[in-house]
1. Rg and Dmax of segment 21-169, Cα atoms, in Å?
2. Once amide H atoms are built 1.01 Å from N in the peptide plane, which residues 5 or more positions from residue 30, or in another chain, come under 5 Å H to H?
3. Over what distance in Å are the Cα centres of segment 113-182 and segment 43-93 separated?
4. Could you give the length gained by full extension between residue 114 and residue 158, i.e. 0.36 nm per residue of separation minus their alpha carbon distance, to one decimal place?
5. Place the peptides 161-170, 37-46 in order of packing, highest mean first, counting for every residue the other Cβ atoms within 10 Å and averaging per peptide.
6. If we sort 128-139, 81-92, 107-118, 24-35 on the protection proxy, mean other Cβ atoms within 10 Å, highest first, what's the order?
7. Can you tell me which of 67-79, 141-153 comes out highest on packing, and rank the rest after it, using the mean Cβ neighbours within 10 Å?
8. Assuming R0 = 22 Å, what is the FRET efficiency of residue 40 and residue 104, from their Cβ-Cβ distance, to the nearest 0.05?
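Read the figures in this text as sums done on the coordinates, not as results from a lab. Remember, predicted model here, so these are calculated numbers, not experimental data. Note that we place each Cβ from the backbone using ideal geometry, even for glycine, and neighbour counts take in every protein chain shown.
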Amino acid sequence: MGFTFDAPESLEGSTYVDKPGRFHFLVTDVREGRLPKGDQGIAGFSVELEALAGSEPSQLGKKTNIVLRNGQPGHQDGGAMCRRKQAAFLIAANLLTPSGLGRSGYDLDLEKARGAQIIAELELGDEQSNGKRYLELAYANIYHVDDPRAQPVPKAEESLGSIPEAFRHVGDEAYFAPLMPKQQQASAAAASSAKGSSNGDYEGL
C-alpha cells in the first residue's frame, strides 16, 4: 500500500511571535540590564514571553522579547513613556500594586517576575533601515490578567489556575481603579463614598 506525501520546502518554522495582537503571556525570562540576545548592557531590563493564548491562535507556544528601558530626562517626553511601560509590566507581574503609582524609591527584585502571567499587546513598529517592520510593545499596553481592560483577551484558563490566589484580583474594581481614566476613577470614588455613607462600612466596588 503506497503513501502519498507532499514534502515542505523547509523544516524550519518561526518559534517567535510574528503577528500583532493581544496575548496572554507567560514570563519565561527576565534580564536586568541586558538585551534579549547577547550580553549587551542597557539601562533597564528585557523580558522573554511565551504566548499561552490570545487573539492570534497560530502564535500560541511562540515566544517574543520586550525591552523596557529606563526613562531618561533627555527623551522627548522626559522619559515618561518608558516609565509607564515599566510600571505597567511591574503591576501586571505583581511586583507593584496600582495604588503604588506616584511613589518613588522602590527596591524591586525583577527575578520574581519570572513565571508570572501577563497580558500584552504587540504591534508592528516603524519601518527600519532594512525595509522591515518588527513587532514591538504597543504603547504601555501591558495588563494584569484580571485587569478589566484585558477582559476581552482570550486566556488559557488552565494556566490561570496555577497563579497563587494572593495575586488574583477577579472583579476587584477598587484594586484596578488607579489605572483607569480619571473620569472612571471619579465615578468609582463616588460609588465608594455612597456605600460608606449608607452602611458605614467600605465593601469595595
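1. Both quantities, over Cα of segment 21-169: 15.2, 46 Å.
2. 48
3. If we compute the Cα centre of each part, the gap is 10 Å.
4. Contour length minus the Cα-Cα distance gives 14.0 nm.
5. Highest-to-lowest ranking by the protection proxy: 37-46, 161-170.
6. 81-92, 24-35, 107-118, 128-139
7. 141-153, 67-79
8. Efficiency computed from Cβ-Cβ geometry: 0.20.
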